[in-house]
Amino acid sequence: MARKASRTQWYRVDLHLHTPSSIDYHDPDASYLDILRRAEYRGLDIIAFTDHNTVNGYAAMLRQIEQLTFLEHSGRALPEELRLLAEYRRLLDKILVLPGFEFTATFGFHILGVFAPRTPLRSIDHILLSLNVPPDVLERGDPAAGSTADVLEAYRLIDEAGGLAIAAHINAAHGVMMRGLNFGGQTRMAYTQDRHLHALELTDLGKRGRDSTKSFFNGTRPEYPRRMHCIQGSDAHSLDTFLEGKNVRVGVGERVTEMALRERSFEALREMLTGTDFSRTRPYTPDKQPYDFILAAREEGATLVQSFHEVADRKSGKWQEIVADVCAFANTNGGTIYLGLSADKSQKPSGVSAPNDVIKLLQNEISRSITPALEVDLDTHEVTGKTIVRLLVPYGEDRPYAVSDNRIYVRDDAETSLAVRDEIVNLVLQGVRKNGAASPATVTGELPAVVAAGVVELPLPQDAPLPEDSAISPPRAGVEIAAIEDRGDTRYYTMHDLRNGSTVTNVTQSSARRLWHYAIRQYETNPVRADRVEWRGEIGLWRRYEKSGDTRYDLVQRGGATLRIYYGVTENGMHGPWSDFLAPEESE
């Protein structure tokens with residue numbers, strides 16, 4: 001059943017602060033009160049003490065406050081001690097301080113665990129000991145913890161204890177996405193997509209463009225289908241910024257995330273980071289106006305995880321398109337639908353008249369039309385003086401979802417389409433696997449494990465083996481014609497979807513959706529000629545073209561006498577050596 005989102009306000013949050021309880025802290029003479037004062041100066045509302053493999057920093061602050069309180073109650077406190085206690089009370093009334101740690105997992109990866117203030121500190125110590133942190137390391141706050149536990153085990157224990165599991169500075173040293181580590185794609189994917197993981201901490205949250213770390217986790221990358229909350233933290237090892245060799249280490253509150261929360265509490269923080277509204281976090285930049293997330297979304301245009309409808313009038317005939325998008329997003333990666341806003345960046349927002357009536361009608365229509373029941377959040381936002389209605393569609397747990405019982409839609413890049421037979425089978429398998437039941441052997445045969453977001457990757461067709469001795473895997477977007485069969489006067493194609501690895505058979509030119517139709521038409525009318533391909537070793541560029549304002553690529557890979565052709569590849573699918581063919585980004 002649909003519901004309307006609750007009201008929120010913006011809070012400044014830094015969930016990654018060290019204290020003198022970390023052995024590598026740069027200001028060993030700084031007090032916990034100094035850290036709180038610096039947090040106040042920076043305008044912070046919520047902070048977390050996350051010392052290396054220990055909760056001793058938070059515990060030391062509590063012990064000091066308890067000692068001062070005892071002296072006050074016993075009438076033995078000196079004037080200076082009373083002033084310190086009053087200052088603690090004043091600051092802790094303004095700033096929520098959360099207990100936590102920065103755990104060093106196997107291979108040196110860093111994981112943040114952040115907990116509610118009411119969490120017994122012995123329980124947090126027990127988590128660290130269960131993760132094989134040696135007692136002496138736990139006591140001194142040492143980042144070098146030796147042989148501990150796996151990243152995924154850390155996520156699980158933190159989550160099951162009611163905490164927030166956050167992969168620390170993933171794109172920097174000791175981060176799970178750090179470059180130069182020879183890990184397989186499935187391992188790297190699991191480290192950033194695991195269901196027990198709540199957020200990713202980035203050091204370039206404000207960066208835009210195809211190379212920004214955040215762009216990998218917005219739900220459009222085929223190898224990272226689960227959309228993730230991305231935040232930033234200071235990782236402060238001192239009160240102020242200092243140089244550590246060639247690296248700049250920022251001070252308390254100098255790299256902050258603003259979060260839209262219903263209140264200043266751990267519960268509200270956890271509710272936001274486990275929800276599907278990804279507009280509720282943004283990098284805080286004091287010298288700049290906060291960006292409008294709706295206009296920023298339109299800059300990206302229609303994608304796998306967002307769509308736009310300028311008209312939201314039932315009489316216009318667009319109503320069913322909106323409901324179809326809801327169904328498609330639930331059957332794919334989830335997504336956001338904006339009403340009263342065209343995807344055309346040159347068009348001003350038209351807005352929605354009587355938005356409350358539109359929300360009520362949509363709630364009823366979604367509840368009546370889509371089966372099984374699907375919970376969708378709806379709310380309103382003001383953009384350039386116009387009211388926009390927003391629908392937040394979750395990743396569907398009970399797929400396949402259907403409109404009017406028999407129309408099953410899926411999202412294919414920026415388009416919503418009716419699912420074909422093999423896609424429906426794939427959705428059924430996802431639903432079966434998600435609910436923990438054994439898949440019917442007559443349907444699945446031998447399938448690889450379901451990935452973290454629930455996408456079933458079917459084996460590559462036998463008709464299209466990888467080129468022999470190839471070290472370069474295919475692109476992660478686009479489509480490949482894997483096999484062709486003529487039956488009478490009709491030609492049937494087997495299409496290999498490079499985004500999710502699925503294989504769809506019995507596709508004809510008349511039944512093919514847009515990308516498939518494009519691939520078939522190119523195959524029939526513009527066959528690849530190896531002597532005209534722009535080769536770079538075993539891979540090559542055949543064609544670069546524009547579609548809906550985005551650049552797409554037809555790519556080729558050879559192995560011996562075999563040519564594989566990948567049609568309509570988006571830039572999100574261009575990984576490794578394939579990225580050499582990307583068109584240069586326009587400067588802003």
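The values are calculated or read from the model by the stated rules, or taken from the named source; none is laboratory data. Here the structure is a predicted model, which is why all the values come from computation and not from measurement. Neighbour counts are summed over all protein chains in view; Cβ atoms, including those assigned to glycine, are modelled from backbone coordinates with ideal geometry.
Does the stretch 189-199 include one or more residues that are part of a loop (DSSP other than H, G, I, E, B) and loosely packed, with under 15 Cβ neighbours inside 10 Å? For the stretch 189-199, residues part of a loop (DSSP other than H, G, I, E, B) and loosely packed, with under 15 Cβ neighbours inside 10 Å: present.
Considering only the stretch 99-108, I want to know if a residue exists there that is out of contact with any strand residue (DSSP E or B) (no Cβ under 8 Å at 6 or more places or on another chain) and not small (G, A, S). Yes: one or more hits.
Residue by residue, here is whether (1) under 27 Å from the mean Cα position of the chain (by Cα); (2) on the phi > 0 side of the Ramachandran plot; (3) not acidic (D, E) holds:
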site	(1), (2), (3)
A86	no, no, yes
T104	yes, no, yes
L121	no, no, yes
P135	no, no, yes
S147	no, no, yes
E153	yes, no, no
R156	yes, no, yes
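Given the criterion surrounded by fewer than 22 Cβ atoms within 10 Å (Cβ to Cβ) and not in a strand (DSSP E or B), identify the matching residue among L361, L341.
Numbers: L341 fails: surrounded by fewer than 22 Cβ atoms within 10 Å (Cβ to Cβ).
Only one candidate passes the filter, namely L361.
Taking the listed residues R42, R76, the one that is surrounded by fewer than 22 Cβ atoms within 10 Å (Cβ to Cβ), of a type in the set (K, R) and in contact (Cβ under 8 Å) with a residue 60 or more places away in the chain is R42, with no other qualifying.
Can you tell which of G436, G431 is over 29 Å from I565 (Cα atoms), surrounded by fewer than 16 Cβ atoms within 10 Å (Cβ to Cβ) and modelled with pLDDT under 90?
Values: G431 fails: surrounded by fewer than 16 Cβ atoms within 10 Å (Cβ to Cβ).
Matching residue, one of G436, G431: G436.
Within the stretch 1-39, restricting attention to residues that are surrounded by fewer than 16 Cβ atoms within 10 Å (Cβ to Cβ) and acidic (D, E), the residue that is modelled with the lowest pLDDT is D29. Restricting to the stretch 240-267, name every residue that is of a type in the set (G, A, S) and either crowded, with 19+ Cβ neighbours inside 10 Å or not assigned by TED's automatic domain parsing to the domain that holds H26 (or both). Once the filter is applied, which keeps residues that are of a type in the set (G, A, S) and either crowded, with 19+ Cβ neighbours inside 10 Å or not assigned by TED's automatic domain parsing to the domain that holds H26 (or both), the stretch 240-267 yields G251, G253.
Of all residues in the stretch 336-383, those satisfying the criterion of being free of Cβ contacts under 8 Å to residues at least 60 places away in the same chain, β-branched (V, I, T) and closer than 18 Å to S279 by Cα are T336, I337, T380. For the residues T303, T220, the requirement of being within 24 Å of the chain's Cα centre (by Cα), assigned by TED's automatic domain parsing to the domain that holds L15, among the hydroxyl-bearing types (S, T, Y) and over 20 Å from A172 (Cα atoms) singles out T220. If only residues of the stretch 234-250 that are out of contact with any Lys or Arg (no Cβ under 6 Å at 6 or more places or on another chain) and at pLDDT 95 or above are counted, the one that is nearest to D292 (Cα to Cα) is D235.
Can T220 be described as touching a Cys at 6+ places or on another chain (Cβ under 9 Å) and within 25 Å of A471 (Cα to Cα)? I'd like the intermediate steps shown before the answer.
Values: touching a Cys at 6+ places or on another chain (Cβ under 9 Å): no; within 25 Å of A471 (Cα to Cα): yes.
No; evaluated as a whole, the condition is false for this residue.
Taken as a whole, the structure leaves L197 outside the set of residues that are more than 24 Å from S265 (Cβ to Cβ) and either modelled with pLDDT of 90 or more or assigned by TED's automatic domain parsing to the domain that holds R270 (or both).
If I filter the stretch 81-89 for residues that are of a type outside the set (A, V, I, L, M, F, W, C) and either under 28 Å from L131 (Cβ atoms) or in a strand (DSSP E or B) (or both), do I get at least one hit? No, the stretch 81-89 contains no residue that is of a type outside the set (A, V, I, L, M, F, W, C) and either under 28 Å from L131 (Cβ atoms) or in a strand (DSSP E or B) (or both). Looking only at residues in the stretch 104-119 that are part of a helix (DSSP H, G or I) and out of contact with any Phe, Trp or Tyr (no Cβ under 9 Å at 6 or more places or on another chain), which one is farthest from G57 (Cα to Cα)? Ranking the qualifying residues of the stretch 104-119, first place goes to T106.
For the stretch 378-397, taking the residues that are in contact with a Pro (Cβ under 9 Å, 6 or more places away or on another chain) and under 16 Å from R227 (Cα atoms), the one that is surrounded by the fewest Cβ atoms within 10 Å (Cβ to Cβ) is identified as Y395.
Which ones in the stretch 555-582 are more than 24 Å from D211 (Cβ to Cβ), among the aliphatic types (A, V, I, L, M) and not in a strand (DSSP E or B)?
Let us first name the residues in the stretch 555-582 that are more than 24 Å from D211 (Cβ to Cβ), namely 556, 558-565, 567.
Narrowing the set further to residues that are among the aliphatic types (A, V, I, L, M) leaves 556, 561, 563, 565.
Listed by number, the list holds a single entry, A561.
What do you reckon, is V326 assigned to a helix (DSSP H, G or I), crowded, with 22+ Cβ neighbours inside 10 Å, touching a helix residue (DSSP H, G or I) at 6+ places or on another chain (Cβ under 7 Å) and at pLDDT 90 or above? Answer is yes for this residue. Scanning the stretch 404-427 for residues that are outside any loop (DSSP other than H, G, I, E, B), closer than 23 Å to R227 by Cβ and touching a helix residue (DSSP H, G or I) at 6+ places or on another chain (Cβ under 8 Å) yields a total of 8.
Does R156 satisfy being surrounded by fewer than 18 Cβ atoms within 10 Å (Cβ to Cβ), touching a His at 6+ places or on another chain (Cβ under 6 Å) and either in the same structural domain as N56 (by TED's automatic domain parsing) or among the hydrophobic types (A, V, I, L, M, F, W, C) (or both)?
Values: surrounded by fewer than 18 Cβ atoms within 10 Å (Cβ to Cβ): yes; touching a His at 6+ places or on another chain (Cβ under 6 Å): yes; either in the same structural domain as N56 (by TED's automatic domain parsing) or among the hydrophobic types (A, V, I, L, M, F, W, C) (or both): yes.
Against the criterion (surrounded by fewer than 18 Cβ atoms within 10 Å (Cβ to Cβ), touching a His at 6+ places or on another chain (Cβ under 6 Å) and either in the same structural domain as N56 (by TED's automatic domain parsing) or among the hydrophobic types (A, V, I, L, M, F, W, C) (or both)), R156 qualifies.
Taking the criterion of being of a type in the set (D, E, K, R) and either farther than 17 Å from L121 by Cα or loosely packed, with under 13 Cβ neighbours inside 10 Å (or both), would at least one residue in the stretch 46-61 satisfy it? No, every residue in the stretch 46-61 fails to be of a type in the set (D, E, K, R) and either farther than 17 Å from L121 by Cα or loosely packed, with under 13 Cβ neighbours inside 10 Å (or both).
Name the residue, out of G75, G57, G43, that is in the same structural domain as S265 (by TED's automatic domain parsing) and over 30 Å from C230 (Cβ atoms).
Details: G57 fails: over 30 Å from C230 (Cβ atoms); G43 fails: over 30 Å from C230 (Cβ atoms).
Matching residue, one of G75, G57, G43: G75.
Name the single residue, out of those in the stretch 120-137 being in contact with a strand residue (DSSP E or B) (Cβ under 9 Å, 6 or more places away or on another chain) and assigned to a helix (DSSP H, G or I), that is surrounded by the most Cβ atoms within 10 Å (Cβ to Cβ). Before the answer, list the steps.
Filtering the stretch 120-137 for residues in contact with a strand residue (DSSP E or B) (Cβ under 9 Å, 6 or more places away or on another chain) gives 121, 124, 127-128, 131, 133, 137.
Those still in the list that are assigned to a helix (DSSP H, G or I) too: 121, 124, 127-128, 137.
On the way: L121: 14, I124: 22, I127: 21, L128: 24, V137: 21.
Applying the filter and picking the extreme gives L128.
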